[in-house]
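Each remark here refers to the structure printed beneath this line.
The values are calculated or read from the model by the stated rules, or taken from the named source; none is laboratory data. Fair warning: this is a prediction, and the values are worked out from it, not measured in the lab. Positions of Cβ are generated from backbone atoms using ideal geometry, with glycine treated the same way; all protein chains shown enter the neighbour counts.
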Amino acid sequence: MEDEPDEARSRDRIQSIERGIEVLRAFDGRNSALSVADIATKVGFSRPVVRRILLTFAHLGYAEQAHGLWNLTPRILELSVGYFGASSLPEVSYPFMSEVVERTGETCSVGTLDRHEVLHVARLEDRRPMPHSVRVGTRLPAHATATGKVLLAHLSSEALEEFLATSPFEVHTPHTITTAAAMRDRLATIREQGFDISEEELHPGMVAAAVAILHDGVAIGGISVSSTTVRASEEVLRQTIVPVLQEAAARISAQYRYANPHLSQRQHR
């Protein structure tokens, strides 16, 4: 059976839930306390609609108001329990990420692809402070990050074409990839060598290396090490960091398979 067109599927969606999720997403890592007006501006809803949604979340215990500002409560973490279980990618990855940090002395992250962005689902930092530090839940543009590109390199042809046709390719530094043609060339190199190294493509002075975590040939995530140009060069990343990441990715993949025996190869076809 062919997929239903978008307009047909939209009739089966509940708009109030979609709006509620948009309001929750307004509380990102940079904005933990917001006014009704702030949220209305961010999500594009009227203030009365935003207020009713916030009052609903407050009734459920997921939000609270103080001095005219709204913030989420710790109870919101209940909503992530189903994902962050013992067999989830973050929980499986953390022991191996700890080894990566110990062996490299650098920050290690695991991310997944969500449309045009990389969503960080696990992160461990070395004791040395990192500029532009991200947290679990932070989203970064896929086209400007090493993790994003190794995940893009493993997309199906159809999914990749959709990404290339719709990605805004925003410019972050002079080194950011800004065209579909340049991205195609970069992804071909990644498929050939099995990793990516990003030099100052998102932030000046920042470098990163990443490897895909594969399950039955499908990239379920990417593991990366990020550093600064002061501490690590491309050669250092290639010679010393990439082999550590490749080993960690293989071990995470094996453990993920063991923890999720129900995810057979047939389910990925």
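One table, with the values for the structure above:
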| item | result |
| --- | --- |
| VAL211 vs. criteria among the β-branched types (Val, Ile, Thr) and modelled with pLDDT under 95 | no |
| Looking only at segment 12-27, and only at residues there that are part of a loop (DSSP other than H, G, I, E, B) and out of contact with any Lys or Arg (no Cβ under 8 Å at 6 or more places or on another chain), the one that is farthest from TRP70 (Cα to Cα) | ASP12 |
| Qualifying positions in segment 70-129 - more than 24 Å from ALA33 (Cβ to Cβ), modelled with pLDDT of 85 or more and among the hydroxyl-bearing types (Ser, Thr, Tyr) | SER88, SER93, TYR94, SER98, THR104, THR107, SER109, THR112 |
| Any hit, segment 162-173, residues being without any contact (Cβ under 8 Å) to a residue 12 or more places away in the chain and surrounded by fewer than 18 Cβ atoms within 10 Å (Cβ to Cβ) | yes |
| Residues within segment 179-204 that are assigned to a loop (DSSP other than H, G, I, E, B) and in contact (Cβ under 8 Å) with a residue 24 or more places away in the chain, tallied | 7 |
| Matching residues in segment 216-240 - criterion: being hydroxyl-bearing (Ser, Thr, Tyr), touching a helix residue (DSSP H, G or I) at 6+ places or on another chain (Cβ under 9 Å) and within 15 Å of ALA146 (Cα to Cα) | SER224, SER226, SER227 |
| Residue within segment 136-143 that is closer than 19 Å to VAL211 by Cα, within 10 Å of the chain's Cα centre (by Cα) and surrounded by fewer than 17 Cβ atoms within 10 Å (Cβ to Cβ) present | yes |
